[in-house]
Each structure stands twice: as structure tokens, then as C-alpha cells.
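Let me begin by presenting the structure, written as C-alpha cells, before commenting on it.
The values are calculated or read from the model by the stated rules, or taken from the named source; none is laboratory data. Being a predicted model, the structure only gives us computed values, none of them experimental. Counting neighbours? That spans all protein chains shown, and the Cβs are built from the backbone with ideal geometry, glycine included. The accessibility values were calculated without ligands, DNA or RNA, using every heavy atom of the protein model including side chains. Shrake-Rupley method; radii C 1.70, N 1.55, O 1.52, S 1.80 Å.
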Amino acid sequence: MLRFFPLQVCILCQLSSTAMSQSNITSPNTQGGGVKRAAEPEAATNEEKRFHTDTTATTPDETTEVVRRKRRKYALLLSYCGKGYLGMQRNPGYRTIEDDLLTAMLHADLMTEEGCTCPQMFHFQRAARTDKGVSAARQVVSVKLPEDVPIPDMVVKINQHLCSQIRVMAIRRATKGFNCKSWCDSRTYSYMCPTFAFAPEVEKATEDYRITPEVLDGLRNILKLYEGTHNFHNFTARKKAQDASANRYIMDIDCGQPFERNGLEWLLVKIKGQSFMLHQIRKMVGLAMAISRGLVGPEVIARAWRESRLDVPIAPGLGLVLEEPHYNKYNKRYGSDGIHEPLTWEDEKQKIEEFREENIDSCIIETEIRDKSMLQWLSTLPLHHFSTSEVTLPKTTDLVSQDTEPGHADDLDTDVTSPQSSTSVQTPTPNKRPRPTKKNDVTHDILQRVAENLQRPESSMSIFGKYVGSKLDEFDPKTSRVARRLINEVLDAAEGGELSSNVSLNFNNVNI
């Protein structure tokens, strides 16, 4: 038992009374064993609770204080025309939808400069990435925005700083952990094109063509072959068959009734799936066109699921549109909780249709009539062989440029025999298995096709040049540069003298 002297008791009492009189000193929490903060004065207001995050000196005697505002998670519904943009996702040095959107939110005082530079600070995310020139009728973005600005005012302020090609249609309050990409159950895309793209080969594909009920029914049967879970490694780039992510689930695919616009008959193909890979939809549509035209049988789709590489054409990107990301699970869980609204966008349907008619569909139709991109692409379609792409090249095309860096031979998709020589030709040894190398099947397929077509008549070489140009557009910039250099070496090394110069000239006409 502890015993205190009278002097010690007086000192302890004095210390205890002093501690209780100071409200800013914490006291032990006897129940939880921790330390709890003293209660704030009741007179404290919301403005007093805000705190400063930065001070920037504008003059020697003046500073500008930046106040952090309380933010909430919101879902933004966007509609945009992709013409003139490199895609949705930010790409430094290029014009993208995200760049314009973030800049508009900065000018509307809804985003800080730091957040505009690094959007992840405010949990910025997009539901789907659209490629160059691809439009979206409904695109969803999730981001944290200030809660002190009413939602209708946010929509108006952002749109005031956006061009007419991009519009924020609606903003919904979302849950704290909402991520528009991970919560997305499925996505629906559409592809609009003239009906002459599906005309049988016996009929000439012209702007006067009108699709028949038999051809339309046949097309629907072809599209149904894509439904289900399949390995789509042949419908994208840089994806191996053994990669588990190559398996994709197509829920529904169909086409509506044809309609006429500006003297052309058009068809809209809609595809709904869990997720899609790069160029997947365009290659699905391109192969369906080849089958409908009779260039290859429908059994090629079943062969495309196998491990071997297949030559699959990629349709032009002009008519591709993101229709809508779907949030069925989110709506079922939070849509009726009384706090959050379901992400169904029914109230904005009319505004979206008006924007689409004025900015998206009209752009697709006018561009096709002016540039005739589909007619030009159809002229290259017979050049595809729709068979397994072998990586073996003719001996005259196994060339390597002398500017190859040591240790980076795989980047050239070819064999290196001598770093000192500008070109080297590998002669295969009879009855000996060739040494395996890492190669890009698509690049080698192009080189092989170039070598095989060197003896084609000059009149048809311009069409073949367009085919090569369309294939090179599928590559990333580094691979494209390598492929262009190798093609030029193939042409320089080809025999025939005058024929080689003619081929090079036709290739230059399509900027190869």
C-alpha cells in the first residue's frame, strides 16, 4: 500500500487541477486504453475546420492561400465525337479527350493544377479506353469533385470550357469506393458502315448497293458465331494464345435494320461483352465482312480460336462507337438505397440521341462520303489469305540494318548474323532444323507478302501498298519504324531492277 506525505498530496492535487483546466491537453481514455482528443468549441464553423495546404507568394508582401475543399466521389456521363483526337486516355504531346476534360474542370474551379497534372490524386478513372477517332455516346468517368458546388452548376461550368465535340450529360453522386472501370459489368459498342461492305463478291461494291434480306440473314448468322467465351488472341495485337486474358465473353451481337442517309444505305452492328481488347471489335467486323463477301468460309472463325496465328483483316475505325458501360451489380446494390441514384441515364436519353445525331453519326456519314475509306479498304480485302501466318521468310528478305543495337535483336523481329554488316542473307541449310528465334508474326507476315508480291503487275501494286499501309497502322511506333525499314531493304535487295523502282514508287504513294 502506497503512502503519501502531506506535501506530495498537495503537489498532485495542484497538477490535477491544472490539467483539467486546459482544454487543449488530451486525457487518457480509461475504457479504450488510448488517447482521445478534447472536444472542439461549439462555435467552430465549417470554414474554421478547413485547413490550408499551400501558400504561394505572389509579391514580397502578399501570399495566396490554397484551401483544401471537401470532396465526394461522382460519376460523370460523357458524350463525345472522337474525330481529331488520339483517343480517350491521356497521351502527353497529343490531343485526347481526357486532356480536354481535365483542363475544363480546372478552369471551372473543380480541379487543382496538381490534380490536372496527376488525376490519380482525385481518383480519376475512365470506364473504357477508346482508340484514335473512336466516339462515345455514353462514357463514364469517376472522380472526386468539391461537394460545395451543386451538381447542375458543375455540369454547366464544365461544359462552358469544352468544345462542341465533348459534352458532360449528367453527374451522379457515387459511393466512396466507386471505380467506374472495376464496377463495370459489361460494355456495348456499335459499328456503323455502308451496307455495300457486306455485298457478295459477285456483286460490285458501290454506293448504289442495297442489301437483300438473304444477305442480311446470312450476316446475322455469321455474327452469332462470335457469341460465348472464346480465345480472341487472333483479334488483337501482341497477345499470345496461352495468355488467359485473351479469353473474352461476348454476350450478344446483332445488327438492326438498314437505313438510308445522304444517298447511302447504312447498317448498325451492336456488340455487348464483358470487355474488349485492342482492335478486337474492328477485326471481328472485318472478318464478318470477308465471310459475307464470300472471300472465305464461316469455318475460319472456328480456326481463329486455335493457337496458330491467323491473318484477320481489321475494318476501318471510323464507324466504331462506345454505346454504354453497364453497371447492373452496382445499381442492384446501391441504386435503391435512398442516397445514390442508379447509373442508367434514362433521363438523359433524349439529350444523348440529339448529340449523337448532330455530332457522331453525321461525322461518320460525312467522312465516309468524302474520303470513301470503306471502299478503299474493301479493295485491299482480297489481299488477305485468311490462313496461318508462318514466320519463315524468303532468303532474300532476311535482312538486318547495321544500326541494330547489340542486345536488341528481338526488337527487329529477325535474326542477326553479323552486327558489322549492313545486310546479311541467311541461306537455310538443307535437312537441318532452323534455329528458333523470337519474332513478331504479323511483321513477318507483311514482309513475306511484300516478297511474294514483287512480281505483281504494276497496276495492282498501289492496292497492295494500301494493304501494307493499313497493316503498319496496327503497330506501335517502334515496331512500325522497324517494319518500314525492313520493307525498304526487301525492295532494295529484290531482283528485277526496273520492277523494284516501280514497286518502291507505289509504296511511297501511300507513305510507306
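Applying a threshold of 20 Å to the alpha-carbon distances of K204/K372; K224/K349; K270/K372; K132/K240 flags K224/K349; K270/K372; K132/K240 as lying beyond it. With q set to 0.15, 0.22 Å⁻¹, the log10 of I(q)/I(0) for region 71-173, from the Debye formula over equal scatterers at the Cα positions, is -0.53, -1.23.
Give me the percent of the accessible area of region 71-173 that comes from carbon and sulfur atoms, probe 1.4 Å, all protein chains in place. After summing per-atom areas, the C and S share lands at 48 percent. Surface exposure of region 71-173, expressed per residue as accessible area with a 1.4 Å probe, stands at 40 Å².
Taking label positions 7 Å along the Cα-Cβ direction at both W305 and N179, the computed distance is 3.1 nm, reported to one decimal. Computed about the Cα centre, the dipole magnitude for region 179-331 is approximately 740 debye when only Lys and Arg (+1) and Asp and Glu (-1) carry charge, each at its Cβ. For region 71-173, a crude dipole built from +1 on the beta carbon of Lys and Arg and -1 on the beta carbon of Asp and Glu, taken about the Cα centre, is about 460 debye to the nearest 20. Annotation for region 106-178: GluC sites (Glu not before Pro) lying in DSSP loop with at most 14 further Cβ atoms inside 10 Å of their Cβ are E147. Dipole magnitude for region 324-388: computed about the Cα centre from +1 point charges on Lys and Arg Cβ and -1 point charges on Asp and Glu Cβ, it is near 440 debye. Approximating the spin labels as points 7 Å out from Cα along Cα→Cβ, the Q376-to-Q89 distance works out to 2.7 nm.
Residues of region 277-297 falling in the label zone of H385, defined by backbone nitrogen less than 19 Å from a point 7 Å along Cα to beta-carbon, are 287, 290-291, 295-297. Between E114 and S164, the FRET efficiency from the beta-carbon distance, with R0 = 41 Å, is close to 0.90.
The length gained by stretching the chain between E348 and K329 to full extension, at 0.36 nm per residue less their Cα-Cα distance, is 4.8 nm.
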